[in-house]
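Student: The structure's right below; bear with me while I get my questions together.
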Amino acid sequence: MPDRFHARRFTSRILRRIQQGQYIPLSVILCIIATVLLTLVTLSCPIIENVFFLRLNFDRGSSEFAERYGLWGYTVTTGSRIKVGYAFPGYVVETSLYRHLTKLFFLHPISAVLAALASTNRRYVVIASIITLVVWISDYTLFTRVRDLYRDRKIVAEYGNGLWLTLGAFLALVLSLCTSERRREESDMYGRNRYRDRRPDSVARWQD
């Protein structure tokens with residue numbers, strides 16, 4: 001019975017320290033989560049068909065199929081080759097503006113690398129957060145415009161999970177920055193208090 005009590009007490013102490021970030025800081029865990037999310041987005045359609053930014057649903061008589069648009073192309077029944085920058089199929093007015101905006105997708109793998117580096121260096125968190133916010137704004141602007149053009153032509157168009165995965169990565173990076181700053185302030189305060197407790201009484205009275 002005492003052994004079980006001590007084991008339970010030891011387990012609760014370990015869980016409390018993990019929650020406080022004494023073993024693995026919470027900021028590092030959040031950076032890892034952001035890295036995983038951005039990596040999934042980087043490998044979006046046509047590499048991973050279940051990760052995409054926009055989906056078109058077509059109904060041709062008795063058969064239904066969907067087109068999914070990702071970072072490096074889109075998938076139909078035959079698929080498309082992987083490349084940086086692509087033109088949307090002829091359902092919308094094709095202009096060079098859309099093709100140039102899709103070339104900004106190369107910032108996604110850069111943000112994923114920076115998020116991974118942010119787990120080891122706090123300075124990368126700020127850079128990764130800014131780039132992730134920029135790519136999310138460009139993604140949302142582009143695919144919202146394209147979605148509206150499709151809907152004007154009576155084509156069912158819906159957002160994909162790629163937008164929300166990118167947004168989730170950005171929020172994880174922001175929380176990582178906040179928690180790392182709070183942890184630094186707490187460690188500085190702990191160091192000052194520990195130094196004050198260890199000062200001789202004569203020095204403490206003289207400084208006070």
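Values quoted throughout were computed directly from the atomic coordinates according to the rules given, and no laboratory measurement underlies them. Small disclaimer: the values here were computed from a predicted structure and weren't measured. Neighbour counts run over all protein chains shown; Cβ positions are idealised from the backbone, glycine included.
Student: Just in segment 85-177: which chymotrypsin sites (Phe, Trp or Tyr not before Pro) are loop by DSSP and have at most 13 other Cβ atoms within 10 Å?
Tutor: none
Student: Got a sec? How would C178, C31, C45 order by Cβ neighbour count within 10 Å, fewest to most?
Tutor: C178, C45, C31
Student: For a footprinting-style exposure proxy, rank E67, E49 by other Cβ within 10 Å, fewest first.
Tutor: Ranked by crowding around the Cβ, least crowded first: E49, E67.
Student: Once a ≥ b ≥ c are taken as the square roots of the eigenvalues of the Cα gyration tensor of segment 27-183, is the result rounded (a/c under 1.5), prolate (a/b larger than b/c) or oblate (a/b not larger than b/c)?
Tutor: Prolate, since a/c reaches 1.5 and a/b exceeds b/c.
Student: Name the trypsin sites (Lys or Arg not before Pro) in segment 118-173 that are in a loop by DSSP and that have at most 13 other C-beta atoms within 10 Å, would you?
Tutor: Qualifying residues, ordered by number: R153, K154.
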